[in-house]
Structure formats: C-alpha cells, structure tokens
Amino acid sequence: MKNVIMLTLVVILFSSLQQSSAKTPESSDQCFICHEQLGGVADQFKKDIHFQKGISCSGCHGGNSKSDDMETAMSKAAGFIGVPKGDVISQRCANCHAKKEMMEKFGSHLPTNQFALLQESVHGQLSINGKEKIVQCITCHNAHGIVSVKNPASPVYPLNVPNTCGKCHSDAKFMQTYNPSLAVDQVAKYRTSVHGMLNAKGDPKPAECASCHGSHGIRSVADTKSQVYALNIPETCSKCHSDAQYMAGYKIPTDQYAKYAASVHGKALLVKHDVGAPACNSCHGNHGATPPGVESISKVCGTCHALNADLFSKSPHKQAFDKEKLPECETCHSNHEILPATKAMLGVDKEAVCSRCHSESKNTKGYQVAKSMRTYIDSLDASETLALKLINDAEQKGMEVSETKFKLRDAHQAILEARTMVHSFDEAKFKEVVVGKGLAVTKASITEANEAIDNYFFRRYGLMVSVLIISLLCVALYLYIKQVEKKQASKAS
Amino acid sequence: MSVMKNIFKKAYDYLDERLHLEDLVHFMGKKYVPVHSHSVWYYFGGVSLFFFIVQVTTGILLLFYYKAGPDLAFESIQYIMSKVHFGWLIRSIHGWAANLFILAAVIHMFSVYFEKAYRKPRELTWVTGMLMLFLAMGFGFSGYLLPWNELAFFATKVGSDIAGAVPVIGEPLKILMRGGPDVTGATLSRLFGFHVALFPGIFTVVLGIHLILIQRQGISEPLEFEHLPQKEKKTMPFFPNFLLRDLLLWLVMLNLLAILAVFFPAELGHKADPFGSAPAGIKPEWYFLFMFQSLKYFPAHIFIFEGEVLGILMFGAAFALWLLVPFWDVKTARGEKNRFITYLGIFAIMFIIVLTILGWVL
C-alpha cells in the first residue's frame, strides 16, 4: 500500500512536471511546481502573460524559485517578501515595466513610462490612509491573470474598461471618501450614450473611459494638462471624430472640429482661451454623449443662451418650426460652424436668414416684420456711429466728454439686447429696445457731443474777445503811463 | 467824467480823514526804482506776486467744487472740467499759473543772485524769498496729486520714495508726506491739507515779511550803480510809474494765461489705480526734473555710500549753500566784485537747463 501511494505521488509529480515543462520554458520554477498543486492563484497565473514569458512567481514575490526547499526558497535572505502590499505592488511592476532593457529582454515594446505617468496622475495621489497611492497597477490589470490589453479577457480591454473603472467610480460609498462632489453615474450615463451603446454591442472602437481620460496618466478635469480640460476637449474628441479612416462605417461627417474651430464658440475657447465657452461636451454631453434631437436643440443652446431660448419658445416660430420639423436654433445659426450674429442675418436681403422662408409672396407677415426690424437696427447703428464720430471730434478738440462716451455704452448694450429680443419675432418689443433704449441714448449723446463741439468754438471766440479787451486795456495803460511821465517831465523842466 | 472824479475825490477824502492816506502816498511817492540796463529783472518779483494772486483766486474757486478723497477727487475734477461753467478755464489757469509762478520766481531769484542784491542789508529778504521758492515747489508737489489721476499718483509715489531715501529723517519724512507707508487716500487728504491750508498760511506770513522788507529797504541798486554820483543815477518813482508798468505786465501775463488755458487746457488723464502698473515714462514736474535726472546718473554705490542717497545729500547741501549765500559771500558784502558767485550761478543755470532737457528728451 505504501509503495502504491509513493508510486502515485511520483506519477502525479512527474506528470505535473511534464505539464509545466510543456507550458513554460521555466520548468525549474519550484514556486509554481508546488503552488500549482494548491490551485487558486497558480491556475490564474498559468494564463498570465508574465508566466508565458517565463517570469517566475519570484519575479514579484521575491525568493529563490530554483530551490525546492520551501524554507530556503521563501527565506528573507533570498529576498522573499510574501504578498506585496501598498505601493510595493506598483514598485514591483516598475522593476521591469519602467526599464526599457528589461522589457526588451522579454521581447516587449510596451512604453516604459506607465509608472511615471501613474505617479503624476490623480490616482497617484495618497489614499485616505495616507500611506499608499489610491491605485496600484493591479487595481485595473488584476494580479495573477494579467493578459494583453488586446485580449478580450483583459479588464482593460476597451469593452471591459467602463466596468473596470466603474468598480470604484460607480461605488458612491467608496468615492465619497475621495471626492464627495464627484458624480458616480458616469458608467450609467455612458451606457446611454452612442459610444456606450456601441461598446455594449461589442464594438471596441467607440470611445470608452481611457479614450478621453487617458489610462496611466489620468488627471483631474481641472488640470490644464488633462485631456478633458475644457481647452483640450475639442482636440481630444477630434482624435477620432476628425479621422475619416477611423470613422468610416459610422456614417457621420468628420469636419466638425474644423467647423467648430472657425465658429464663434471655437474662437472663444481655442483662441481667446475662454474656458466658459462651449466645447463639444457642452452640447453633446460628456459621459452620455449623444447628438441633441431636433426639439432639444433650443434646450441645449438655452443652457447658456437662456433668454434667447425662452423668447424663441414663446414666439410663433416655435410652433411653425415644430410643424416643419426644423431644428430650432440650428436652422438659422447652423450647428458646429456658428458664426457671430450680425444684423446681416436679419431682414429680407439675400444674405438674411429670414428670407429663406419669408418673401413678398410667401409668409408675408413675417416678411414685413423682418423688414421693419432691420430698418430699426440700421437706424440705431447709424445713430451710434454718428454719436461716436462726434464724441471723437469733441475729444480731438480737447473737450471733456468721457461721461457722454460712457453713456453711449448703453446704446451698444441696446444693440446687444436687440439681438436677443429678435428671437421674440415681435416687432413692438423689438422697437421698444431699439428706439426706446438705444436711439434715446444715441440722440442724447449726439446732443451732448454737439454741445461740447459748440463749447470748443465758444472758448475760441471768447478768448478772442477777452484778448482784445485785455490788449485794449494794455494799450490804454501804456498811453496813460506815457501821459503821466510826460506830465512829470514837463513839471521837472 | 467830472461826476466820477467828484465821487472818487469824496471817497478819498473820507478815507484820508480817517486813515491819513496822504502819509502813505507821500511815502510811496518818495520811493524810487533805479533805472539801468538790467532794470527789466525788477519786474519778475511783481510778476511772481501776480501769479500767486491768480493761484489764490483760482484755487478758492476750485475749492467750491473739488472734493478730496480717492473716490471723489477725480470725479470732482471731471465735473469741474465738464459741468461747472468756466470750470475748465479756472482749472487750466490754475495749472498754467502754477508753472509760470515757479518760472517767474526762479527768474526773480537768479536775477537777485546775479545782481548780488542779497548782500547786506537784504539778507533776510533773500532768505524769505528762497523760503517762498521752496514753498512754491511744495505747492507744486502737493497740488500735483489732487486730481488723483494715474500720472499724479505714480509721480507722488516716486517723489516721496526719493524723499524717503534721505538718511535718518527720510523714512519719517516719507511717512509724514504719505500719511502711512504707501500712497493712499490718506496721502491725498494730507497733501490737500498742505496745499490749501498749511502752505498758504506759511506763505502769506513769509510773503508779508518779504514785502515789508522791500518797502522798508527799497529796491536794491547794482554794485556799479551804487558807486555812481547821485546826479548820474537814473531813477523812476515807484508810484505811480513802476507800479503802472507792473500793472501793464500783469495784464500781458493775464492775456498769456488766457491763451495757454484755451489752447492747452489741463488734462484729466485716467483715474489712479493703486493696484495698476505704473504707466511708462513717469516724470516729475519740470522744476523737479533736473534733480530727478541727475539722480539717475549717480552710480549704485560710491565708496560705502548708496549713489542715490549721496546725490540727495549733495542737492540738500547745494540748496543750503544757496539759501545761505548772503552769509558766506563776504567779498560782495565788502563791496567788492565776486566773480566766483557769477560763475557758480552760470554753472547752476547751465546744469539745470542741460539736465532738464535730458530729463525731457530721454
């Protein structure tokens, strides 16, 4: 019986050695030989890319993998550290992954800056216990079953990324210990987005978390170096959306970025660096990115242009647009290539957007209103230009007209207000702003500037009179002195 | 005409009966002004007085509307310039008369210096005159800040910083000028007080002494004129001849002021912003420019001294020597010609002109 048991053990041991030597070149890895018998992590490790590359357990855990004596193999003298904890985990990975020569030894061309990037990232900050970093390599990549990112089994394979990130980011209890104000519904929203739905269908190309946020070097959205910092968003989105080859098959244009960059919004954000200006996500959403529907366009634009949206929704155009299924704001202003609104858009000229639907024979009421509105705004413009010219004239003449100049700002304000009021498409309301506010100010400014110019000439004429009077007095005094001295001379003689 | 004469005569008789004006007329009638090739310089004292009177008059008128304080000063000046009837004229005349006052006073001072009119017995007249010149500069410095515009603010900052560099008394002097460590609203209130109360008070007293001394001692004669025989001395009566000529010149000056005020009105500038950066090319008023420019040429260190401090001390010493010239110019006091004094004066004028031009151009 004893012999049978011994024989069985020898056979099992031999067969396991056979199996090991068949799967890995490191058949002499004594750690694996024993741990395989115990099952668990060794089974996972068999699938691990590191195991396949011949890296022993001791590569991470330390110890002497060549020794079959457990005490020698797992001794401190042999460098055995047991289960790595805290920052030691990432440090063990970095021992190879941060060294180019080491990676090349195993035939890998992976970048070697992941560890450095992780340390600089928001995940590289200290965790709440103050002893270790928030995220270690294994948090996302797992520990013993690490496979290539291209392998669908990898937790960082594009289809798995949302759930991997969501392990922490969708856990409200966990997240509130780090950032209580950060939302935890990103994954849920993502699943409603076009990106998320395609991802769920098994398409690895659409954007997932790492596509926009990066992988190892993830930074806070407020960090100017972050790919999702307001100024960087258009470029981040354009990496895919401007790539015609990459986007082939999705049947959407790839010129949005070019159009956006030339738009009033794009110039404000990309040229003037106004972080308050809208980027792609302001209209499309970020995690729940989706194109706004026809009726929701005014709601999207209205988040910033609240008054315009409100006036539009109360205007007769609302119903007409809905009936014709016209995309509200976009119909007149376009979408990505929104240009600065000028008075040329208003009226019945060829360039005016009103004339696309209104003419003398078609929709005539709107035609008349558009024509009148344009006349009002033209007269305010002309009046403002005249007032400015007169104020400049007065200034050039050295007159003090700063108060008038300041007052004229109200006229410009009225022009801006009129641009908003035009969305009511109500002639009376528009007239009240343009004539009641704007023209009243420009007329007062013109009067004051003219007074200043008149005063300038009054000063010149006044000076002429006073110089004449004083000069006459001088002459009179001179003659008087001569007279006095003549009398004195005649008295003396 | 005869009616008017009658009224004047009656008024004169009324006053004469009570105040004995006849004595005064007699006293003035006996005063004579020497007539020689340099007589023209005698008029600059009177011209300075005229500008001072203009300053007092226009200053009082401006006070009706001016409001001291960082929130009100600039706005009140803006109001004076745009809304108050003839406010622009009064302010422009005040600005121009201030400059012409100092110019006339400087010419008057140099004419007295070159004529050596400061010699015994007129030492005190010289000292009071010099004190008034320093006070006039004080008027200029304190008045410059009152419009509370950008230029005024930073010029005051630079000016008080220079004063602060004087060893020992510099820092307390700067705090006294500023009413604190920085130029603030407290500085404005303080300089306003100096400009409209303290300086005019002191000036009036010193001016009174100066005029009394002149009336008491009469007009100084040049050294050469003194040695002439009495018969060869040409003179003119102070009253009415010299006084009427003075009046004529005053009218010419009034005309000049009106023309300058209309064609080159005082500017308003931009309101001072203590947190803003100093505009480029900050320069003090022209009468401080030669000192400002000279200090730039001093090296950072001369032996163990700081260049700027040494420069300020040198100017201080030069002004002190100038003030005390009647007391150390013993040669002139003895009635002898002192060419050193003349050369020193020419050097001073050349120095001031060259440095002022450099300061203006560079």
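The values are calculated or read from the model by the stated rules, or taken from the named source; none is laboratory data. These numbers were taken from a predicted model, which means no experiment stands behind them. Positions of Cβ are backbone-derived with ideal geometry, glycine not excepted, and every protein chain shown enters the neighbour counts.
Let's see how each residue does on (1) in a helix (DSSP H, G or I); (2) of a type outside the set (D, E, K, R); (3) under 25 Å from A:HIS265 (Cα atoms):
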| residue | (1), (2), (3) |
| --- | --- |
| A:LEU311 | yes, yes, yes |
| A:LYS323 | yes, no, no |
| A:HIS336 | no, yes, yes |
| A:ALA344 | yes, yes, yes |
| A:ASP349 | no, no, no |
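Go through the range B:258-279 and give me each residue that's more than 10 Å from every other protein chain (Cβ to nearest Cβ) and closer than 28 Å to A:ILE481 by Cα.
B:LEU260
Looking at (1) of a type outside the set (D, E, K, R); (2) part of a helix (DSSP H, G or I); (3) away from chain A (no Cβ under 11 Å); (4) more than 17 Å from B:LEU257 (Cα to Cα), can you tell me which one B:GLY46 breaks?
(4)
B:PHE264 - would you say it is modelled with pLDDT under 90, within 30 Å of B:GLN78 (Cα to Cα) and of a type in the set (Phe, Trp, Tyr)?
So B:PHE264 fails the test.
Which condition number does B:LEU249 fail, the rest of (1) in contact (Cβ under 8 Å) with a residue 12 or more places away in the chain; (2) over 21 Å from A:VAL484 (Cα atoms) being met?
(2)
Please go through (1) within 14 Å of chain A (Cβ to nearest Cβ); (2) under 28 Å from B:LEU21 (Cα atoms); (3) in contact (Cβ under 8 Å) with a residue 24 or more places away in the chain for B:GLN217 and return the number of the only condition it doesn't satisfy.
Going through (1) within 14 Å of chain A (Cβ to nearest Cβ); (2) under 28 Å from B:LEU21 (Cα atoms); (3) in contact (Cβ under 8 Å) with a residue 24 or more places away in the chain one by one, B:GLN217 breaks only (1).
Quick one: count up the residues across the range B:76-90 that are within 12 Å of chain A (Cβ to nearest Cβ), in contact with a Phe, Trp or Tyr (Cβ under 9 Å, 6 or more places away or on another chain) and assigned to a helix (DSSP H, G or I).
Summing the residues that are within 12 Å of chain A (Cβ to nearest Cβ), in contact with a Phe, Trp or Tyr (Cβ under 9 Å, 6 or more places away or on another chain) and assigned to a helix (DSSP H, G or I) in the range B:76-90 gives 6.
Can you work out which of the residues in the range B:276-308 that are in contact (Cβ under 8 Å) with a residue 60 or more places away in the chain and of a type in the set (Gly, Ala, Ser) is surrounded by the most Cβ atoms within 10 Å (Cβ to Cβ)?
Once the filter is applied, the top-ranked residue is B:SER294.
Could you list, in sequence order, the residues of the range B:161-197 that are closer than 11 Å to B:SER142 by Cα and of a type in the set (Ser, Thr, Tyr)?
Residues satisfying the conditions are B:THR187, B:SER189.
Which condition does A:GLU485 not pass, out of (1) at pLDDT 95 or above; (2) within 11 Å of chain B (Cβ to nearest Cβ), if it passes all the others?
Here A:GLU485 clears every test but (1).
Could you list, in sequence order, all residues of the range A:467-480 that are in contact with a helix residue (DSSP H, G or I) (Cβ under 9 Å, 6 or more places away or on another chain) and either closer than 16 Å to B:ILE259 by Cα or surrounded by 15 or more Cβ atoms within 10 Å (Cβ to Cβ) (or both)? Give the derivation first.
At the first step, the residues of the range A:467-480 found to be in contact with a helix residue (DSSP H, G or I) (Cβ under 9 Å, 6 or more places away or on another chain) are A:467, A:470-471, A:473-474, A:477-478, A:480.
Within the range A:467-480, A:VAL467, A:ILE470, A:SER471, A:LEU473, A:CYS474, A:LEU477 qualify.
Any chance you could count how many residues in the range A:96-121 are within 18 Å of A:GLY86 (Cβ to Cβ) and of a type outside the set (S, T, N, Q)?
4
Taking A:HIS317, is it of a type outside the set (Phe, Trp, Tyr), modelled with pLDDT of 85 or more, surrounded by 13 or more Cβ atoms within 10 Å (Cβ to Cβ) and touching a Phe, Trp or Tyr at 6+ places or on another chain (Cβ under 9 Å)?
Working: of a type outside the set (Phe, Trp, Tyr): yes; modelled with pLDDT of 85 or more: yes; surrounded by 13 or more Cβ atoms within 10 Å (Cβ to Cβ): yes; touching a Phe, Trp or Tyr at 6+ places or on another chain (Cβ under 9 Å): yes.
For A:HIS317, the condition - of a type outside the set (Phe, Trp, Tyr), modelled with pLDDT of 85 or more, surrounded by 13 or more Cβ atoms within 10 Å (Cβ to Cβ) and touching a Phe, Trp or Tyr at 6+ places or on another chain (Cβ under 9 Å) - is met.
Please state which one of A:MET399, A:MET464 is surrounded by 18 or more Cβ atoms within 10 Å (Cβ to Cβ) and either facing chain B (nearest Cβ under 10 Å) or at pLDDT below 95 (or both).
Result: A:MET399 is the single residue among A:MET399, A:MET464 that is surrounded by 18 or more Cβ atoms within 10 Å (Cβ to Cβ) and either facing chain B (nearest Cβ under 10 Å) or at pLDDT below 95 (or both).
Would you call B:PHE110 crowded, with 22+ Cβ neighbours inside 10 Å, touching a residue at least 60 places away in the same chain (Cβ under 8 Å) and part of a helix (DSSP H, G or I)?
So B:PHE110 fails the test.
Do we find that B:GLU285 is under 18 Å from B:GLN55 (Cα atoms) and either out of contact with any Asp or Glu (no Cβ under 7 Å at 6 or more places or on another chain) or within 14 Å of another protein chain (Cβ to nearest Cβ) (or both) in this structure?
For B:GLU285, the condition - under 18 Å from B:GLN55 (Cα atoms) and either out of contact with any Asp or Glu (no Cβ under 7 Å at 6 or more places or on another chain) or within 14 Å of another protein chain (Cβ to nearest Cβ) (or both) - is met.
Could you check the range A:467-482 and list, in sequence order, the residues that are among the basic types (Lys, Arg) and within 8 Å of another protein chain (Cβ to nearest Cβ)?
none
If you take the residues of the range A:257-276 that are within 28 Å of A:VAL187 (Cβ to Cβ) and among the aliphatic types (A, V, I, L, M), which of them is surrounded by the most Cβ atoms within 10 Å (Cβ to Cβ)?
This residue is A:LEU269.
What number goes with the only condition from (1) at pLDDT 85 or above; (2) in a helix (DSSP H, G or I); (3) crowded, with 16+ Cβ neighbours inside 10 Å that A:THR72 does not pass?
(3)
Of the conditions (1) in contact (Cβ under 8 Å) with a residue 12 or more places away in the chain; (2) over 23 Å from A:GLU120 (Cα atoms); (3) not in a loop (DSSP other than H, G, I, E, B), A:LYS173 clears all except one; give me its number.
Unmet for A:LYS173, out of (1) in contact (Cβ under 8 Å) with a residue 12 or more places away in the chain; (2) over 23 Å from A:GLU120 (Cα atoms); (3) not in a loop (DSSP other than H, G, I, E, B): (1).
Quick check on the range A:427-450: of everything there that is surrounded by fewer than 16 Cβ atoms within 10 Å (Cβ to Cβ) and under 24 Å from B:LYS83 (Cβ atoms), which residue is farthest from the other protein chains (Cβ to nearest Cβ)?
A:ALA440
Given the range A:242-300, what helices (runs of 4 or more DSSP H) lie entirely inside it while holding 3 or more residues that are touching a residue at least 12 places away in the same chain (Cβ under 8 Å) and within 30 Å of A:ASN163 (Cα to Cα)?
Answer list for the range A:242-300: A:280-284.
Filter the range A:384-439 for residues that are among the basic types (Lys, Arg) and assigned to a helix (DSSP H, G or I) and give the result.
Of everything in the range A:384-439, those that are among the basic types (Lys, Arg) and assigned to a helix (DSSP H, G or I) turn out to be A:LYS389, A:LYS405, A:LYS407, A:ARG409, A:ARG419, A:LYS429, A:LYS431, A:LYS437.
Please find, within the range A:402-423, the residue that is nearest to the other protein chains (Cβ to nearest Cβ) out of those that are closer than 20 Å to B:LEU268 by Cβ and among the hydroxyl-bearing types (Ser, Thr, Tyr).
A:SER402
Within the range B:218-234, does at least one residue satisfy the condition of being at pLDDT below 95 and part of a strand (DSSP E or B)? Steps first, answer last, please.
Taking the range B:218-234 first, the residues at pLDDT below 95 are B:218-234.
Within this subset, residues satisfying the condition of being part of a strand (DSSP E or B) are none.
Checked the range B:218-234: no residue is at pLDDT below 95 and part of a strand (DSSP E or B).
The rows are residues; the columns are (1) out of contact with any Gly (no Cβ under 7 Å at 6 or more places or on another chain); (2) buried (at least 22 other Cβ atoms within 10 Å of the Cβ); (3) part of a loop (DSSP other than H, G, I, E, B).
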{"residue": "B:ILE93", "(1), (2), (3)": "yes, yes, no"}
{"residue": "B:PHE101", "(1), (2), (3)": "yes, yes, no"}
{"residue": "B:VAL127", "(1), (2), (3)": "yes, no, no"}
{"residue": "B:LEU133", "(1), (2), (3)": "yes, no, no"}
{"residue": "B:GLY138", "(1), (2), (3)": "yes, no, no"}
{"residue": "B:VAL158", "(1), (2), (3)": "yes, no, no"}
{"residue": "B:PRO167", "(1), (2), (3)": "yes, no, yes"}
{"residue": "B:ILE175", "(1), (2), (3)": "yes, no, no"}
